[in-house]
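I have placed the structure first, in the form of structure tokens, so that the comments after it can refer back to it.
The values are calculated or read from the model by the stated rules, or taken from the named source; none is laboratory data. All figures in this text were calculated on a predicted structure; none of them were measured in a lab. Glycine gets a Cβ as well: all are built from the backbone with ideal geometry, and neighbour counts include every protein chain shown.
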Amino acid sequence: MFNVAIVDDDAADARWLRACAERWAKESGEDVVCTVFESALAFLNVRHSPFDIVFMDIEMPHLDGMEAARRMRELDSRTCLIFVTSMAQYAIKGYEVDAMDFVVKPVSYPQFRFKMDKAVAYARKMRRREFVLQSKNGLIRLPESDIQYVEVFQHRLRYHTTRGVLEGWGTLSQTEQRLEAGRFARCHASYLVNLMHVNEVRGDVVVVSGDELPLTRRKKKEFMDALVRFIGS
């Protein structure tokens, strides 16, 4: 199942995008759940709900789609973002917020289908690797991409994820060995960071999904080298 958000203040455009998504689901045999938001603010207010794909209008009152995307990226670096706009010149700015693509209004179904195919392929790739977390309540399965960072806290491990904070057993070294090489790096002896969720590096601080983590002198070169390799890949 794929969770799709449609953020557009034009009700007619939003209905059409939803109809396109439902048609794509019927043709592809995939389960798709669409949630429509009439404003960027309404969308941001429920960002605790996980979306695989977001179709975002750019020109909206009160808060435009570009600024909404910037705020979304502070907490979520993996969701596939596609801008929908009537002004193509805005599309280039999408790279500033890691938008996967854009489509110009009015959107035809063939255009939508092409973008949706790309988005679903990306979403599948994000889900491909799963991590099994051993917690006091049993085993929890989650995509590695959902893990933002892991910290050592009172002799336990705290997994900060897109679905909240989960506690688990084991050591940070054991967890590091189990996670995909090249995607995770330590910024501190007690913190293991998913590089895809890094928002900013500022002096001796790493901002990960909006949280500020310490970047020690001892780990800085190793961490920055890993981040550069990850971005380059």
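Scanning for something over 21 Å from the mean Cα position of the chain (by Cα) and either outside the structural domain of S145 (by TED's automatic domain parsing) or in contact (Cβ under 8 Å) with a residue 12 or more places away in the chain (or both), does region 90-104 turn up at least one residue?
yes
Before we move on, is Y191 within 26 Å of R71 (Cβ to Cβ), assigned by TED's automatic domain parsing to the domain that holds F83, touching a residue at least 12 places away in the same chain (Cβ under 8 Å) and not basic (K, R)? Write out each step before concluding.
Numbers: within 26 Å of R71 (Cβ to Cβ): yes; assigned by TED's automatic domain parsing to the domain that holds F83: no; touching a residue at least 12 places away in the same chain (Cβ under 8 Å): yes; not basic (K, R): yes.
Considered against the rule, which asks whether it is within 26 Å of R71 (Cβ to Cβ), assigned by TED's automatic domain parsing to the domain that holds F83, touching a residue at least 12 places away in the same chain (Cβ under 8 Å) and not basic (K, R), Y191 comes out as no.
From the set of residues in region 147-177 that are in contact with a Phe, Trp or Tyr (Cβ under 7 Å, 6 or more places away or on another chain) and touching a residue at least 40 places away in the same chain (Cβ under 8 Å), which is farthest from M126 (Cα to Cα)?
E151
For region 220-230, state whether one or more residues are over 25 Å from D98 (Cβ atoms) and either assigned to a helix (DSSP H, G or I) or among the acidic types (D, E) (or both).
Among the residues of region 220-230, at least one is over 25 Å from D98 (Cβ atoms) and either assigned to a helix (DSSP H, G or I) or among the acidic types (D, E) (or both), which makes the answer yes.
Does region 128-144 hold any residues that are surrounded by 15 or more Cβ atoms within 10 Å (Cβ to Cβ) and modelled with pLDDT under 85, and which are they?
I140, L142, P143 - these are the residues of region 128-144 that are surrounded by 15 or more Cβ atoms within 10 Å (Cβ to Cβ) and modelled with pLDDT under 85.
If you take the residues in region 46-105 that are touching a Phe, Trp or Tyr at 6+ places or on another chain (Cβ under 7 Å) and assigned to a loop (DSSP other than H, G, I, E, B), which one is modelled with the highest pLDDT?
Looking at residues that are touching a Phe, Trp or Tyr at 6+ places or on another chain (Cβ under 7 Å) and assigned to a loop (DSSP other than H, G, I, E, B), I get I58.
Being under 23 Å from M116 (Cα atoms) and either charged (D, E, K, R) or surrounded by fewer than 20 Cβ atoms within 10 Å (Cβ to Cβ) (or both) is the filter here; which residues of region 55-66 pass it?
Matches in region 55-66: D57, E59, D64.
Counting only residues that are of a type in the set (S, T, N, Q), give me the strands (runs of 3 or more DSSP E) lying completely in region 130-189 with at least 3 of them.
Once the strands (runs of 3 or more DSSP E) in region 130-189 are filtered for at least 3 residues that are of a type in the set (S, T, N, Q), nothing remains.
Would you mind stating whether V97 is within 25 Å of E144 (Cβ to Cβ) and buried (at least 16 other Cβ atoms within 10 Å of the Cβ)?
yes
If you go through region 168-194, how many residues are surrounded by 14 or more Cβ atoms within 10 Å (Cβ to Cβ) and over 26 Å from D52 (Cβ atoms)? Before you say what the answer is, go through the steps one by one.
Our first condition is that a residue be surrounded by 14 or more Cβ atoms within 10 Å (Cβ to Cβ); within region 168-194, this holds for 168, 172, 175-176, 179, 183-188, 190-194.
Still in the running and over 26 Å from D52 (Cβ atoms): 172, 176, 186-188, 190-191.
Matching residues across region 168-194 total 7.
Inside region 8-34, can you point out the residues that are within 18 Å of V84 (Cα to Cα) and not in a helix (DSSP H, G or I)?
Correct list: D8, D9, D10, C34.
Let me confirm something: among R124, R73, which residue is under 12 Å from the mean Cα position of the chain (by Cα) and either crowded, with 20+ Cβ neighbours inside 10 Å or without any contact (Cβ under 8 Å) to a residue 12 or more places away in the chain (or both)?
R73
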